[in-house]
Amino acid sequence: MGLVKAKAVATAESAEPIQQQSCQELAAALEDADATVRRHAAQQITSCLDAATMLMSRLKREENTAVREAILNSLLRLHDPSIGSGLADCLRSEDAALRNDVIEAFKQLGGEVKPILRSLLADPDPDVRIFVVNILNSERHPDVEQWLIKVIERDAHVNVCATAVDLLCEVGTEAAINPLLDLKARFVTDAYIQFASDLALKRIRES
Amino acid sequence: MMDGLIVKEGVVAKRILIVDDAATVRMYHRGILESAGYAVEEAINGIEALEKSLEAPFDLYVVDVNMPKLNGYGFLSELRRQEIPQQPAIMVSTEAAPGDETAAYRAGANGYLVKPVQPAQLLTYTRLMLGEAIR
């Protein structure tokens with residue numbers, strides 16, 4: 001049985017030795033060579049005090065899809081404020097499957113990661129900015145359109161703008177019309193920007 | 001329809017599957033390819049693409065990288081494991097780092113295009129992959 005957070009609010013020293021050992025065992029199991037053992041540990045470790053740190057550390061190195069899924073499910077259950085920034089680091093990973101899994105996890109995290117997403121829209125890496133716009137796809141908050149408008153007004157990278165326009169096709173209102181026209185003028189030779197912007201403008205005007 | 005192939009004016013059109021979670025991108029690629037006479041179908045992720053491919057393999061796959069459920073690498077890896085006719089695939093990505101292109105080829109791609117894709121570029125790659133004359 002793991003070390004239950006609610007029973008160990010004061011200090012780790014106040015916990016019973018057998019419970020500490022149990023969490024230590026789970027931490028060791030999370031690094032086991034056997035993927036089934038790691039997956040089981042990832043599912044059970046959530047009641048341990050530093051579960052978020054241990055899970056995040058393992059996530060960045062984990063290559064087994066089932067274990068990764070178990071880690072992300074456990075992380076989502078923790079509601080720990082450090083999770084958002086940890087997941088943001090994973091968006092920079094060379095591992096496309098990990099990035100994909102993390103994008104899906106971000107979509108499930110909801111409002112608590114909004115400040116992180118907002119700051120990531122200014123990330124120097126355009127790929128990270130594209131991932132963030134894709135994550136916004138799941139947000140149906142009124143701010144999302146304004147964020148997307150700022151992206152197409154300010155971002156210099158064509159693919160970041162293109163991803164934002166894809167989403168404006170769905171959520172854009174009259175407020176997006178002039179920014180879309182400006183975007184078309186900014187990327188006048190890009191066929192995709194022209195196509196997607198025209199589609200967004202058509203849908204906004206027809207709605 | 002004849003044996004799963006589309007027939008237009010006596011000519012069998014090559015079947016192409018576009019795999020992308022972005023509806024706008026699918027529409028864009030479809031417009032380019034259909035205007036050149038290809039028969040186009042769509043899938044919104046790797047799982048749907050795999051299901052469609054197992055029903056009737058396509059002549060060419062145009063595949064995005066980042067998609068929910070099963071991404072482009074996962075789809076191509078699974079496709080290449082199946083005992084069906086193995087036709088070429090073009091991977092289309094926003095990511096231009098050399099590692100991404102290598103990963104695409106390792107997964108089973110035959111060509112790699114970085115977005116934004118221009119119409120002439122997509123058609124040239126398509127014709128090249130299908131062994132047709134480049135116009």
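Structural remarks
- Relative contact order %, region B:4-125, counting alpha carbon pairs below 8 Å whose residues are six or more apart: 22
- Relative contact order, whole percent, for chain A stands at 11, derived from Cα pairs under 8 Å and 6 or more residues apart.
- Going from the fewest other Cβ atoms within 10 Å to the most, the residues B:Met67, B:Met27 appear in the order B:Met27, B:Met67.
- Mean partner shielding of peptide A:195-203, defined as the number of other chain Cβ atoms within 10 Å of each residue Cβ, is 2.
- Filtered trypsin sites (Lys or Arg not before Pro), region B:63-127: DSSP coil and at most 16 other beta carbons within 10 Å: B:Lys69
- Where no second cysteine Cβ lies under 4.7 Å, the cysteines concerned in chain A: A:Cys90, A:Cys161, A:Cys169
- Estimated distance in nm for a label pair at B:Val12 and A:Glu104, the labels positioned 7 Å out from Cα along Cα-to-Cβ: 3.6
- Mean separation of Cα contacts under 8 Å, 6 or more apart, over the residue count of region B:12-67: relative contact order %: 51
- Sparse-neighbour loop sites [chymotrypsin sites (Phe, Trp or Tyr not before Pro); region A:111-207; at most 12 other C-beta within 10 Å; DSSP]: none
- With 27 Å as the limit, the listed pairs A:Lys202/B:Lys14; A:Lys60/A:Lys114; A:Lys114/B:Lys52 have A:Lys202/B:Lys14; A:Lys114/B:Lys52 beyond it between alpha carbons.
- Counting Cβ atoms of other protein chains within 10 Å of each Cβ in A:95-108 and taking the mean gives 3.
- Label-point separation in nm, A:Ser207 to A:Leu181, each point 7 Å along Cα→Cβ: 1.9
- Listed by chain and number, the aspartates and glutamates placed with their C-alpha closer than 15 angstrom to that of B:Lys115 are A:Asp127, A:Asp166, A:Asp190, B:Asp20, B:Asp21, B:Asp64, B:Glu95, B:Asp100, B:Glu101; residues fewer than eight positions away on the same chain are left out.
Bear in mind that the values in this text are calculations on the coordinates, not laboratory data. Source: prediction; values computed, not measured. Cβ atoms come from the backbone with ideal geometry, glycine included; neighbour counts cover every protein chain shown.
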